[in-house]
Amino acid sequence: MKVNIKTISEKTGFSPSTVSNTLNHKKGVNAETAAEIFRVANELGYTSGRGIGKIKFVIFKRNGLIIDDTPFFSLLIEGVEQECKKYGMEMVICNLNYHDPNYEKQVDQLIHDNSSAVILLGTELMEEDVEIYKSATCPFLMLDYWSWDMSFNGVLINNADSARVAVEYLIRKGHKDIGYLQGRFRIKAFRSRCVGYKIAMEKAGLEVREDNMIVLATTLNGAYKDMLAELDKMDHMPTAFYADNDMIALGAMKALQEKGYCIPDDVSIIGFDDLPFSEISSPPLTTLRVPKREMGQLAVKRLMAEINGDRIKTKNQVCTVFVERGSVKSFESTP
């Protein structure tokens, strides 16, 4: 049986004009209505009548030191995939390597392909990398990156405020000598988290000591090895560390334990991301949970709004959830 607008209208209960406007990405259709129409159209095998039927999820890599060593991004991709199915959109995963000889040509083809929409995972982007994307003519969204001079939609983590919350928690637990385990590859998210760390310290009147700012690799094994080397030359140990992410926190934790430090009795640690194995580390890691699937889903929703004619560009910040576990010692009762 041939599937047409009338068939979808009968199945969904929406008028033929609403179905037609949705399938042709015209402005004015409620997002939930559009999602239901696309879902039914996809189930029935309807593929014609739409200008854009594909969302490309593009993974940008500068060196892969953030992207390749963590399960964080697989959960993000799951969210994108689930939402694409809901809207009846095909999802294609692409990789962009900054160091490829034909990188600029690949970008040009990508951002001017008006048969597809693009979600670019910009975790490893530097400021100087963004300019080339500003001429995008297809529906385009930047995920996990934001710059004030961007002219497209963005979905990112509320990095600075989240880090501030983590450090304020340590302060409430009675810690005054708080260090910072910072990733060597200074992606924008890490720099924002550093701002949050410093704001919390300065607000509490606590010193940000240079010798408490320890630079580590961003991979689990790299952070472990770097922390071992740092511990051999450290003559001062803070009572707690805030880490740029869980991979760094867990690598440092392993090194500290190997050198005889007890966590949290000798030193406390807080991470960022709430990766699956943070819950089963010893001790379980106190951290900030990023709603990874929800971020991916929100990115698709925002991109679908643009496809449907919404020309307003927005910056959507996703809030983290503080997860209290066993890696922080309390020196005094929390008020």
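Spot the failing condition for residue 324; the list is (1) crowded, with 16+ Cβ neighbours inside 10 Å; (2) touching a strand residue (DSSP E or B) at 6+ places or on another chain (Cβ under 7 Å); (3) over 30 Å from residue 37 (Cβ atoms), and only one is missed.
With respect to (1) crowded, with 16+ Cβ neighbours inside 10 Å; (2) touching a strand residue (DSSP E or B) at 6+ places or on another chain (Cβ under 7 Å); (3) over 30 Å from residue 37 (Cβ atoms), residue 324 is out only on (1).
Looking only at residues that are in a loop (DSSP other than H, G, I, E, B) and in contact (Cβ under 8 Å) with a residue 24 or more places away in the chain in region 218-234, which one is surrounded by the most Cβ atoms within 10 Å (Cβ to Cβ)?
218
In region 172-188, is there at least one residue being in contact (Cβ under 8 Å) with a residue 24 or more places away in the chain, within 14 Å of the chain's Cα centre (by Cα), assigned to a loop (DSSP other than H, G, I, E, B) and assigned by TED's automatic domain parsing to the domain that holds residue 272?
Among the residues of region 172-188, at least one is in contact (Cβ under 8 Å) with a residue 24 or more places away in the chain, within 14 Å of the chain's Cα centre (by Cα), assigned to a loop (DSSP other than H, G, I, E, B) and assigned by TED's automatic domain parsing to the domain that holds residue 272, which makes the answer yes.
Every residue, every condition in (1) without any contact (Cβ under 8 Å) to a residue 40 or more places away in the chain; (2) in contact with a Cys (Cβ under 8 Å, 6 or more places away or on another chain); (3) in a loop (DSSP other than H, G, I, E, B); (4) among the polar types (S, T, N, Q), yes or no:
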site: 247; (1), (2), (3), (4): no, no, no, no
site: 250; (1), (2), (3), (4): yes, no, no, no
site: 253; (1), (2), (3), (4): no, no, no, no
site: 257; (1), (2), (3), (4): yes, no, no, yes
site: 284; (1), (2), (3), (4): no, no, yes, no
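Which condition does residue 38 not pass, out of (1) more than 25 Å from residue 157 (Cα to Cα); (2) surrounded by 19 or more Cβ atoms within 10 Å (Cβ to Cβ); (3) modelled with pLDDT of 85 or more, if it passes all the others?
Only one criterion in (1) more than 25 Å from residue 157 (Cα to Cα); (2) surrounded by 19 or more Cβ atoms within 10 Å (Cβ to Cβ); (3) modelled with pLDDT of 85 or more is unmet by residue 38, namely (3).
Can you tell me which residue in region 246-274 is surrounded by the fewest Cβ atoms within 10 Å (Cβ to Cβ), limited to those that are within 13 Å of the chain's Cα centre (by Cα) and acidic (Asp, Glu)?
274
From 310, 266, 273, 235, grab the single residue that is under 22 Å from residue 164 (Cβ atoms) and among the acidic types (Asp, Glu).
The match here is 273.
Looking at region 120-142, is at least one residue in contact with a Cys (Cβ under 6 Å, 6 or more places away or on another chain), touching a residue at least 40 places away in the same chain (Cβ under 8 Å) and crowded, with 17+ Cβ neighbours inside 10 Å?
No, there is no match, as no residue in region 120-142 is in contact with a Cys (Cβ under 6 Å, 6 or more places away or on another chain), touching a residue at least 40 places away in the same chain (Cβ under 8 Å) and crowded, with 17+ Cβ neighbours inside 10 Å.
Only one of these is surrounded by fewer than 20 Cβ atoms within 10 Å (Cβ to Cβ) and free of Cβ contacts under 8 Å to residues at least 60 places away in the same chain: 293, 311. Name it.
After ruling out the rest, the residue left standing is 311.
Considering only residues of region 89-130 that are in a loop (DSSP other than H, G, I, E, B) and touching a Lys or Arg at 6+ places or on another chain (Cβ under 6 Å), which is farthest from residue 143 (Cα to Cα)?
98
Rundown of residues vs (1) modelled with pLDDT of 95 or more; (2) aromatic (Phe, Trp, Tyr); (3) assigned by TED's automatic domain parsing to the domain that holds residue 92, yes/no style:
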| position | (1), (2), (3) |
| --- | --- |
| 286 | yes, no, no |
| 303 | no, no, yes |
| 308 | no, no, yes |
| 311 | no, no, yes |
| 322 | yes, yes, no |
| 327 | yes, no, no |
| 330 | no, no, no |
| 334 | no, no, no |
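Among 147, 151, which is the only one that is assigned to a loop (DSSP other than H, G, I, E, B), under 27 Å from residue 271 (Cβ atoms) and of a type in the set (Ser, Thr, Tyr)?
147
Being surrounded by fewer than 23 Cβ atoms within 10 Å (Cβ to Cβ) and either hydrophobic (A, V, I, L, M, F, W, C) or at positive phi (or both) is the filter here; which residues of region 275-288 pass it?
The answer is 277, 280.
Across region 86-107, which residue is nearest to residue 35 (Cα to Cα) among those that are among the charged types (D, E, K, R) and at pLDDT below 90?
Once the filter is applied, the top-ranked residue is 86.
In region 9-35, how many are assigned to a helix (DSSP H, G or I), small (Gly, Ala, Ser) and modelled with pLDDT of 80 or more?
3
Among the numbered criteria (1) within 26 Å of residue 70 (Cβ to Cβ); (2) part of a helix (DSSP H, G or I); (3) at pLDDT 95 or above, which single criterion is violated by residue 133?
(3)
Within region 54-64, does at least one residue satisfy the condition of being modelled with pLDDT of 90 or more, of a type in the set (Val, Ile, Thr) and exposed (fewer than 15 other Cβ atoms within 10 Å of the Cβ)?
Looking for residues that are modelled with pLDDT of 90 or more, of a type in the set (Val, Ile, Thr) and exposed (fewer than 15 other Cβ atoms within 10 Å of the Cβ), one finds none in region 54-64, hence no.
The values are calculated or read from the model by the stated rules, or taken from the named source; none is laboratory data. Since we're looking at a predicted model, the values are computed, not measured. Cβ sites come from the backbone with ideal geometry, for glycine too, and all protein chains shown count toward neighbours.
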